[in-house]
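Asker: One structure coming up, written as structure tokens, with questions to follow.
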Amino acid sequence: MNRKVMYPFVVACLLAAVGCSPIPKATTVDQSPQVKLQSAQHWGVIAEHLSGQIMANANLASQPVYVDLEQSHSTFSKVFTQQLSSALVKRGATVMTSNATSLSMELDVQVVRHSNDRDMGTNFDTTGTAGFLWALAELGDDLSVAEGIGYGVIPLSVAYDVSKIFPSKTNTEVVITARIVDDYQIQFSETNSYYIPDMAMRQYKKSAVVNLTKNNGQGVEK
């Protein structure tokens, strides 16, 4: 291919790859790590963390807390409630299965589903395109189309292999709030967000408030 013909073609392809939109560039808050939950063992890690936070409160640690194990409405809430109860008992807490105490626990689980275009994420397609165009520009007339494609695959393959090192992308998060309530007063509350695989949403639903207590209408029943 003649270089005089090739370079305008290369420029046109690059413009098509990066886009020519005049709208302001979007920006985000500073990036910070966020855990991705991919197993029941990960749920147990959260339960251990929460039990430690609860037992660090001397007032809560000295009182029995009521946890209703029958009020879980999803796979996650059922397993997580059991994990949290076990973690509390191991740390010396008094966990009640009847509401004969003023302290009760509730778990609020909300699934957040984002749109597919919220983060274009990787530049692997651009990497492959750039590699192909680089091969054309460097080797010029001595390069066939087939050879150009072959050279272009190299950086794309490398980028794909590198991407496998990192956790896969997901558009789904779960927001978990654990609370300890004394009648109408919240004594403890912690909320955390986690990524979950898109196909795992069914494990976390029903996602409304999951009540882990029965106080005969006095407290957190909803």
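The values are calculated or read from the model by the stated rules, or taken from the named source; none is laboratory data. These numbers were taken from a predicted model, which means no experiment stands behind them. Virtual Cβ from ideal backbone geometry, glycine too; neighbours counted across all protein chains shown. Surface accessibility is based on the protein's heavy atoms, side chains included, excluding ligands, DNA and RNA. Shrake-Rupley method; radii C 1.70, N 1.55, O 1.52, S 1.80 Å.
Asker: Using 7 Å Cα-to-Cβ label points, what is the Q110/K169 separation (nm, one decimal)?
Answerer: With each label point 7 Å from Cα toward Cβ, the separation is 2.5 nm.
Asker: Continuing with this model, one more query. Rounded to the nearest 10 Å², what accessible area does L69 have for a 1.4 Å probe in the complete protein model?
Answerer: Rounded to the nearest 10, the figure is 70 Å².
Asker: Next up: Along Cα→Cβ, 7 Å out, is where each label goes; now give me the distance between the ones at T177 and A26 in nm to one decimal.
Answerer: Going by the 7 Å Cα→Cβ label model, 2.7 nm.
Asker: What list of ³J(HN,Hα) values in whole Hz, one per residue of the range 195-201 in order, does the Karplus curve 6.51 cos²θ - 1.76 cosθ + 1.60 (θ = phi - 60°) give from phi, with Gly and Pro shown as x?
Answerer: So the J values, rounded to whole Hz, are 6, 9, x, 4, 7, 8, 4.
Asker: Oh, and also: Roughly how much of K205 is accessible, in Å² to the nearest 10, using a 1.4 Å probe?
Answerer: 100
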